[in-house]
Amino acid sequence: MSIALQDTFVRDLPELAVRWQAEQAPNPTLLVLNEPLAGELGLDPAWLRSPEGLGLLAGTEVPAGATPVAQAYAGHQFGGFVPRLGDGRALLLGELADADGRVRDLHLKGSGRTPFARGGDGLAAVGPMLREYVISEAMHALGIPTTRSLAVVATGRPVYRDTELPGAVLARVASSHLRVGSFQYASLVAGHTGDLGVLRRVADYAIARHHPDAADGDQPYRALLEAVTEVQADLIAQWMLVGFVHGVMNTDNMTISGETIDYGPCAFMEAFDPQTVFSSIDSMGRYAYGNQPAIALWNLARFAEALLPLFAEDPEDTETAVAMAEESLGRFRTRYEQRWADGIRAKLGIPGAAAEQADALVADLLGQMQQSRVDHTSFYRRLAAAARGDAEPVRGEFVDLVAFDAWLARWRELGPDPAAMDAVNPIYIPRNHLVEEALTAATDGELGPLRALLDAVRSPFEERPGLQRYAEPGREEFSAGFRTFCGT
Ligand code: AMP
Ligand code: MG
């Protein structure tokens with residue numbers, strides 16, 4: 001078998017691509033392979049396990065006809081603009097059509113230095129690549145749009161962080177790797193050359209691949225902004241509902257497709273608290289749990305800025321363009337709030353509750369959860385048990401029992417449906433202490449804990465015997481000091 005990869009990105013957008021090749025891997029060893037995803041892509045798992053398949057997954061063998069590239073993009077990192085970021089340690093191998101005919105990117109992360117590497121070594125360690133694998137697969141199982149992980153191959157090359165670590169390459173699959181930063185970069189190129197052609201081509205490419213309906217109206221580029229605003233509002237609402245903290249929502253890490261991308265310092269919140277931050281470098285809490293909707297909107301405003309010259313008939317007419325952008329961005333808030341409200345009512349088993357009543361109930365609950373540091377995930381399963389008649393486990397989570405009992409009484413009056421609650425509230429998520437445990441073992445060559453964790457989080461809603469420890473939050477001592485790291 002071989003694989004036929006297309007190269008539409010480099011052909012349509014050569015200004016955003018540098019042809020490049022992965023570094024050799026001294027001793028490639030497959031650590032994990034996502035067989036269901038391979039199936040979706042029409043790739044034979046047995047072939048992917050062969051030396052030729054491993055060569056593809058590690059980037060050391062370029063399939064006939066493929067043109068691997070490092071993608072150029074700009075980005076606001078923690079609010080500061082960096083005009084030239086790009087794939088410093090990643091390559092787009094090409095695109096392929098999946099079983100449903102959808103075009104997907106096949107991409108490698110950790111495949112060696114590229115012209116965008118700046119001071120970096122271009123490499124990735126086994127732990128962080130497996131981290132992306134586990135968390136992205138968990139997100140997918142939770143029904144949240146995300147890039148997928150096809151495989152992690154250990155390269156046999158050491159990488160040097162605080163200590164020497166085994167190196168790895170992640171093979172990632174995405175609807176595409178276009179990001180807000182891709183548009184920021186195209187806008188810079190257009191500014192330098194005085195030719196809007198490249199910006200228009202990126203926008204047309206994005207419309208064709210992700211938001212084809214935008215092409216129908218008389219203002220396709222505004223429709224593109226609105227479509228991306230909507231998919232991002234939906235995505236962030238889903239993050240908030242499961243307690244996901246991305247950790248590094250720079251504009252280069254926000255996709256045009258609406259998929260979650262770049263699992264670096266991300267983690268799931270346990271004790272409910274809007275100020276939750278895990279990333280060691282996010283000292284100001286810019287990307288804290290509760291800030292994510294506002295940051296998403298901020299990033300979309302940067303996207304709108306990049307698109308501005310395409311909005312009005314006269315590219316110099318910024319006043320009209322800005323007014324158009326503001327109106328389109330205005331949709332974020334309504335859309336986000338609706339999705340959040342629908343989602344939280346579903347979690348509480350009261351989908352039909354009147355908005356005013358439900359909003360007050362939710363505000364009261366979240367205040368109490370924050371006060372008592374209640375685990376965001378297990379709470380909703382315990383609450384379903386309360387709807388079935390066993391309220392003690394959930395009551396035991398709260399400090400102020402009088403207040404919580406009053407809340408429970410109001411909630412019960414709305415007739416919550418426990419089966420509907422269990423269908424939307426996960427029991428198994430990749431909890432921080434479990435992820436750390438699995439990655440530490442994997443770094444030492446023991447893959448058992450990783451496989452067990454993957455097995456648990458791949459069916460997140462279905463309670464199974466023997467998996468109780470995957471349903472429990474970490475010990476407070478662990479959680480309080482838990483930090484994640486960027487540039488890993
Ligand atoms: P990220 O935070 O993973 O989205 O990465 C931000 C930027 O840093 C991107 O341009 C990456 O390609 C680059 N980068 C991260 N780690 C490395 C590394 N070890 N070597 C080269 N570039 C890197
Ligand atoms: Mg990134």
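The values are calculated or read from the model by the stated rules, or taken from the named source; none is laboratory data. Predicted model, so just to flag it, every value in this text is computed and none were measured. Note: ideal-geometry Cβ built from the backbone for every residue, glycine included; neighbour counts use all protein chains shown. The area values use the complete protein model at the heavy-atom level, side chains included, leaving out ligands, DNA and RNA. Shrake-Rupley method; radii C 1.70, N 1.55, O 1.52, S 1.80 Å.
Once backbone amide H atoms are built at 1.01 Å from N, GLU61 has LEU56 as its partners under 5 Å, excluding neighbours fewer than 5 places away on the same chain. Here the simple spin-label model places points 7 Å from the Cα toward Cβ, and for ASP400 and ASP444 these points are separated by 4.5 nm. Of all DSSP-defined beta bridges confined to the chain, some 95% are antiparallel rather than parallel.
Report, in deg cm²/dmol and to the nearest 500, the calculated mean residue ellipticity at 222 nm for the chain, where each DSSP H run with n ≥ 4 adds -39500 (n - 2.57) and the sum is divided by the residue count.
-13500 deg cm²/dmol
Extension gain for ARG333-ASP44 works out to 99.7 nm (0.36 nm per residue, less the C-alpha to C-alpha distance). On the principal axes of its alpha carbon atoms, region 8-177 extends 42, 39, 36 Å, with the longest extent given first. Across region 404-415, computed HN-Hα scalar couplings (Karplus, 6.51 cos²θ - 1.76 cosθ + 1.60, θ = phi - 60°) run 5, 4, 5, 4, 4, 5, 5, 5, 4, 4, 8, x Hz from first to last residue, x flagging Gly and Pro. Cα-based values for the chain, radius of gyration first and Dmax second, are 23.0, 69 Å.
For region 1-59 versus region 109-125, the inter-centroid distance based on Cα atoms is 18 Å. Across region 181-344 the C-alpha pair distances fall into 10 Å bins from zero in the proportions 11, 38, 32, 16, 3, 0 percent. Which percent of Cα pairs goes in each bin when the distances of region 193-290 are cut into 5 angstrom slices starting at zero? Cα pair-distance distribution for region 193-290, in percent: 2, 12, 18, 19, 14, 11, 10, 8, 3, 1, 0.
Residue-wise HN-Hα couplings along region 457-465, as the Karplus relation 6.51 cos²θ - 1.76 cosθ + 1.60 with θ = phi - 60° gives them from phi, are 7, 6, 10, x, 9, 9, 5, 10, x Hz; Gly and Pro carry x. Residues whose amide H lies under 5 Å from that of ALA17, counting only those 5 or more places away or on a different chain, are ALA72; hydrogens are built 1.01 Å from N in the peptide plane.
Between ALA208 and PHE478, what FRET efficiency comes out of the Förster formula 1/(1 + (r/R0)^6) with R0 = 45 Å and r the beta carbon distance, rounded to 0.05? Working from the Cβ atoms, E equals 0.45.
Once fully extended, how much extra length lies between ALA363 and ALA323, figured as 0.36 nm per residue of separation less the alpha-carbon to alpha-carbon distance?
Taking 0.36 nm per residue and subtracting the Cα distance, the gain is 11.0 nm.
For ALA125, which sequence-distant residues (separation of 5 or more, or a different chain) have an amide H within less than 5 Å of its own amide H, given hydrogens modelled in the peptide plane? Distant-sequence amide H within range of ALA125: ALA168.
Each distinct pair of alpha carbons in region 386-449 adds a 1/r term; the inverse of their mean, the Kirkwood radius, is 14.9 Å. Over all other residues within a Cβ to Cβ distance under 10 Å of LEU241, the charged ones net out to +1, with Lys and Arg as +1 and Asp and Glu as -1.
Surface calculation, 1.4 Å probe, protein heavy atoms: HIS76 sits at approximately 30 Å² accessible. Directionally averaged projected area (region 348-488, Cα convex hull): 10.3 nm². Extension gain, ALA423 to GLN6: 0.36 nm times the residue separation minus the Cα-Cα distance gives 146.2 nm. Whole-Hz Karplus values for region 162-168 come out as 5, 9, 7, 10, x, x, 8 Hz, taken residue by residue from phi with 6.51 cos²θ - 1.76 cosθ + 1.60 and θ = phi - 60°; glycine and proline positions read x. Can you list which of the chymotrypsin sites (Phe, Trp or Tyr not before Pro) found in region 416-480 are DSSP loop residues with at most 15 other C-beta atoms within 10 Å? Filter output for region 416-480: PHE461. Shape class of region 350-403 from the Cα gyration tensor (axes a ≥ b ≥ c, square roots of the eigenvalues): oblate, since a/c reaches 1.5 or more and a/b does not exceed b/c.
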